[in-house]
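The values are calculated or read from the model by the stated rules, or taken from the named source; none is laboratory data. Not measured: the values here are computed from a predicted model. In this analysis, Cβ positions are derived from the backbone assuming ideal geometry, glycine residues included, and neighbour counts consider all displayed protein chains.
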Amino acid sequence: MKVTYERYPELPKFLKTFVEYAGTTLQTRSILLTGDIVLDDFSKRYSSIDIVIILEKNLWDKDYDTIDELVNRLVIVNKEFAHICRVFFLPYAMLSDTRVAHHDIEGIIVNNLQQEIINKYPLELSEDFLIREKSLVLYGEDLKQVFPIPPVEGFWHEFLEKFSQLEKAAKNFPFQLTTSPNYELAMDWILWFSNLLYSLKNNDLIGKMKSAYWFTNEYPGKMGDFVVEVANCRKRNISLANIMELVPRSRELMMFALERAFRIKGIQMTYLKDLMKVENDIANFSRVFMEVRNIIENLR
């Protein structure tokens, strides 16, 4: 985290204020720092500040007021950081069974100052891996090993789970032209591909910047150059708007990454790009995703 703290010297004070209040006003067993910060890959524009609080018991009525006060304090300390905080308040009992909804247990997610009550464990497989392997205990007990153990080939399983989200995303920017592009979301999707291929090859997780540089070394050429160009925008906290041909290059990257992901599994799908049809600058991926779904079904 050295690079992150040098780049954002006000961040440690913000985290210290958070820990001092959350650790003493809630029934807190542990506070864990995770996400891009622990990967030394934090960007004020493109990252969130990810914190997991493990509570001794279920939330009480007064706890909701305490959480409101915590959010207000964070805004006073640093409004920018408060807006990008993603905090999970998880009762310890919720970790006992992460597969089901708990009708008698409530937790809360605070994201961009908005609160959402949850009764089911909210984290993804890669987030479980990151917490268990690389998170930092900011307060209380070291409960990292209480979190779910990702299954064998967990990153492959998460890719399959996220495939439906990718299919929906392919109908929007950065894969389609739009009059109101979301550059932050586009950044996440583009660098998700380099992260995915790194994780599938190495059964590990690294930051988006490092995965981009790994990608260009592993796959030199125009795709590697494009991914590094995107990563450098992230590093400089600037928009992707200046990248030429962002939409067609993102489409090519998606086809490239899908084919390489299956190649890692020993399945050759070099014909995928031929199934994508572009008419009047609109890309139709329906045959691509149909073929991928068929392959996935055959693997089960």
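Before moving on, here are some points about what is shown:
- The residues of region 25-58 that are of a type in the set (D, E, K, R) and over 14 Å from Met94 (Cβ atoms), listed by number, are Asp36, Asp40, Asp41, Lys44, Arg45, Asp50.
- Across region 154-165, not a single residue is classified as touching a helix residue (DSSP H, G or I) at 6+ places or on another chain (Cβ under 9 Å) and in a loop (DSSP other than H, G, I, E, B).
- Selection status of Lys134, at pLDDT 95 or above, in the same structural domain as Phe14 (by TED's automatic domain parsing) and surrounded by fewer than 21 Cβ atoms within 10 Å (Cβ to Cβ): yes
- Phe226 meets all of the listed conditions (1) surrounded by fewer than 13 Cβ atoms within 10 Å (Cβ to Cβ); (2) touching a Lys or Arg at 6+ places or on another chain (Cβ under 8 Å); (3) of a type in the set (A, V, I, L, M, F, W, C) but one, namely (1).
- The requirement of being in a helix (DSSP H, G or I), surrounded by fewer than 19 Cβ atoms within 10 Å (Cβ to Cβ) and over 26 Å from the mean Cα position of the chain (by Cα) is not satisfied by Asn217.
- Which listed residue is in a loop (DSSP other than H, G, I, E, B), within 21 Å of Arg29 (Cα to Cα) and not assigned by TED's automatic domain parsing to the domain that holds Glu184, from Lys62, Lys57, Lys44: Lys57
- One residue stands out in region 3-29 among those that are farther than 19 Å from Asn58 by Cα and of a type in the set (A, V, I, L, M): the one that is surrounded by the fewest Cβ atoms within 10 Å (Cβ to Cβ), namely Val3.
- Considering region 244-300, and only residues there that are loosely packed, with under 13 Cβ neighbours inside 10 Å and among the acidic types (Asp, Glu), the residue that is farthest from the chain's Cα centre (by Cα) turns out to be Glu279.
- For region 102-153, taking the residues that are closer than 23 Å to Leu205 by Cβ and of a type in the set (S, T, N, Q), the one that is nearest to the chain's Cα centre (by Cα) is identified as Ser126.
- Enumeration of residues in region 143-170 that are surrounded by 13 or more Cβ atoms within 10 Å (Cβ to Cβ), without any contact (Cβ under 8 Å) to a residue 60 or more places away in the chain and under 30 Å from Leu240 (Cβ atoms): Gly154, Phe155, His157, Glu158, Lys162, Ala169
- Residue check for Lys265: assigned by TED's automatic domain parsing to the domain that holds Gln165, of a type in the set (D, E, K, R) and without any contact (Cβ under 8 Å) to a residue 24 or more places away in the chain: no
- Selection status of Asn182, out of contact with any His (no Cβ under 8 Å at 6 or more places or on another chain) and over 20 Å from Phe285 (Cβ atoms): no
- Within this structure, Leu32 fails the test of being buried (at least 18 other Cβ atoms within 10 Å of the Cβ) and in a helix (DSSP H, G or I).
- Looking across region 264-284, the residues that are touching a strand residue (DSSP E or B) at 6+ places or on another chain (Cβ under 8 Å) and either assigned to a helix (DSSP H, G or I) or of a type in the set (A, V, I, L, M) (or both) come down to Met276, Val278, Ala283.
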